[in-house]
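Just below is one structure, and these are the notes that go with it.
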Amino acid sequence: MTAHRAIRSQGGTAMRIGIIGAGNIGGNLTRRLTALGHEVSVANSRGPQTLTALAEETGAIPVPVTEAARDARIVVVTIPLKAIPDLPATGLFEGAAEGFAVIDTGNYYPRERDGRIAAIEDEGLTESRWTERHLGHPVVKAFNGTYAQDILDRHRPAGDPERIALPVAGDDEQAKKAVRELIDELGFDTVDAGGIDASWRQQPDTPVYGLRGGVEAVERALAEASPERPEAFRG
């Protein structure tokens, strides 16, 4: 696990970013990314006509789900885990920029929301590996343990002692690098949490989940995680 504190917040290049899901995390990422000058396309399951208020507030472009990734260098998938199989089986990432990265912010809540998913509980897949298989594209797990309001309120410049660090897991090193740079621009440090098969270290009820700590605290929390799924998060 490696720390990342690259300074990009003042010199980042504007890019097209697609966001699928306009809930708490998706909505606040839309707000921050547009404020930083990125062109954001945002979609949800109810259609672009339901995103008028968010579009007027932020300047984001409301689109159907199948158009969210068009020309995007980064696509954020931030919907309930149980809704992942309902996404279009083909065309979801049609027209995305070459080498685009996909961020998965999802969590498995079997009792509260998602119901029991056998592949996660019986086969031992990490939540993001399960999501990745449905999407048909590598994912980078990030923001899954981040409080949505912190995206708006707790960003800090690089080097600030109160800057929060976020764990980031993924198999595609170039995609993970792009995501870590974007998170740095958003005002947070990152810690490389390994590959997707190791992303259980940041799933719900692990020490790092919801942690508002710096790089060292996040590294320590990741190292303390247990691979055994907590009873409260079994279906």
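What follows is calculated from the coordinates using simple rules that are stated; it is not laboratory data. Note that this is a predicted model, so its numbers are computed, not measured. Positions of Cβ are generated from backbone atoms using ideal geometry, with glycine treated the same way; all protein chains shown enter the neighbour counts.
When the alpha carbon gyration tensor of region 191-235 is reduced to an equivalent ellipsoid, the three semi-axes, largest first, read 18, 12, 8 Å.
Normalising the average separation of contacting C-alpha pairs (under 8 angstrom, six or more residues apart) by the number of residues puts the relative contact order of region 1-158 at 23 percent.
At most 13 other Cβ atoms within 10 Å plus a DSSP loop assignment makes a site exposed; report the longest stretch of the chain without any exposed GluC sites (Glu not before Pro).
1-93
Projected label points at Ala119 and Thr13, each 7 Å from Cα along the beta carbon direction, are separated by 3.4 nanometres.
Placing dummy labels 7 Å off each Cα toward the beta-carbon, the span from Asn24 to Arg46 is 1.7 nm. Only one of (i) 14.8; (ii) 11.5; (iii) 12.7 was calculated from the structure for mean projected area of the Cα convex hull in nm², and its label is (ii). Counting only DSSP beta bridges with both residues in the chain, the antiparallel share comes to about 15 percent.
One equal scatterer on each Cα of region 50-95, no solvent, Debye formula: the resulting log10 I(q)/I(0) at q = 0.17, 0.18, 0.30 Å⁻¹ is -0.58, -0.65, -1.17.
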